[in-house]
1. Under 12 Å from the Cβ of Ile314, count the other residues' Cβ atoms, weight Lys and Arg +1, Asp and Glu -1, and hand me the total.
2. Please list, by residue number, every one of the trypsin sites (Lys or Arg not before Pro) in region 156-202 that is coil in DSSP and has at most 15 other beta-carbon atoms within 10 Å.
3. Would you work out the relative contact order for the chain, in percent, from Cα pairs under 8 angstrom that are 6 or more residues apart?
4. Just to be sure I understand: with springs between alpha-carbon atoms less than 10 Å apart, which residue in Thr112, Thr177, Thr201 has the highest mean-square fluctuation in the Gaussian network model of the chain?
5. Which of Val230, Ile293, Ala182 sits closest to the plus end of the dipole of the chain, meaning its Cα is farthest towards the positive end, when Lys and Arg get +1 and Asp and Glu get -1 on the C-beta?
6. Evaluate the relative contact order of region 343-424 (contact order divided by residue number), counting alpha-carbon pairs under 8 angstrom at least 6 apart; express in whole percent.
7. May I ask for the angle, rounded to the nearest 10°, between helix 14-25 and the longest principal axis of the chain, with both axes built from Cα atoms and the value confined to 0 to 90°?
8. Going by how many other beta carbons lie within 10 Å of each one, how would you line up Thr104, Thr426, fewest first?
Amino acid sequence: MKPALSVGIAGLGTVGAGVVRLLRDNATPIAARAGRSIEVVAVSARDRKRDRGVALEGVRWHDDPVALVADAAVDVVVELIGGAEGAAYDVVMAALAAGKPVVTANKALIATRGSAIAAFPNASLRFEAAVAGGIPVIKTLREGLAADRIASVSGIFNGTCNYILSRMRAEKLDFATVLADAQARGYAEADPSFDIDGVDTAHKLAILAAIAFGRQVDFASVHVEGIRGVNALDIAFAEELGYRIKLLGIARATAAGIETRVHPAMVPLTSPLAQVDGVNNAVVIQGDPVGQIVLQGRGAGAGPTASAVVADLIDLARNRAAPLLGVETGSLQACASVPMAVHQGAYFLRLMVADQPGVIADVTAVLRDHSISLESMLQHGRSPGDAVAVVLVTHVTHEAAMAAALARLAALAAVREPPALIRIETA
């Protein structure tokens, strides 16, 4: 058997400790699959005294993570610090400059600093763990579907948001209540904005779009909306109409270019995404000639993420190579990014309006003026003088037309609060 592959881990939090544990617990099958053993020889973290639940005797400790890169005994650097700046960026750049392979779970770094990484022509960087945890979506796109023309990649990429929306639906709770409980359970951060505002999903989508469509990572072109505005009333109406609300990331090839968008969406109950609940993730890939592929599983946590990190280490041990984004840098396409304003689709629109004569006529007049036709309308009960919910479902129309109509509707005297708009995804 070949000499062991020696690994240095920068960042020894939940995932870092999980990698150490997995490499030890599954050492025999890992060595058989890698053709040699994989051993952690050095680590770097801020607090040496913290109990991480794994024994670290005999492992060298570097207070400076960049010093770990320079350790001559380290063959591969695993970066699990996180973030697009600071120590994480310094470690990855130092390792690539030194010609050492890097394995990372850092989606923010890949999504926002991809051009800096691509400046190293022979860079060896693996990042399966950066998207969807233990679901092998990057390997599937980059290798398993290498012969296919990808039409779209969409899915649920953030377990925190999916957990919140799932509980809101199942227990008929409001957003703030479920968020607070998710924070107490450790499913959401003390500052949850990165997750609930859609940024985490957007980082992952930008990476997948680059691999799927053979272009540079373009995070700046991703349209991003989160789930703060989704309320229990919207979820109840969605159920009545035969939909469930999910935070989706969608990358799709169109005649005008590539659209990449993150936002809450109503998906039919028949969709594979509608049945994905809790902290789980799911990815739907549409390709030619393969058709539709659905991948589902846990998208975060020590176990799933460590599994993806170690899978990348096994590939390195076997010298299995693949270009960073699936094709050589010189072959990446300059695909146009489609602005959100030209998106076409159906929409769910909820208005809280004064229950008085003439209101519906005023609302439909606005939609008529913007060439928006209705598929259906819902209103339950009456409450003269008070605000009641009116739900409108449109036929396919243009995003720009909906935005203009929304502004006019919000200005109507009978509309008591800002309108709620959720896009409907049926493909």
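Every number in this text was worked out from the coordinates using simple rules, so none of it is lab data. Since this is a predicted model, take the numbers as computed values, not measurements. For neighbour counting, all protein chains shown are included, and Cβ atoms are generated from backbone atoms with ideal geometry for every residue, glycine included.
1. Summing Lys and Arg as +1 and Asp and Glu as -1 gives +3.
2. Counting only loop positions with at most 15 other Cβ atoms within 10 Å, the trypsin sites (Lys or Arg not before Pro) in region 156-202 are Lys172.
3. It comes to 16 percent, rounded to a whole number.
4. The residue with the greatest mean-square fluctuation here is Thr177.
5. Ile293
6. 50
7. Once rounded, the angle reads 50 degrees.
8. Exposure proxy ranking, most exposed first: Thr426, Thr104.
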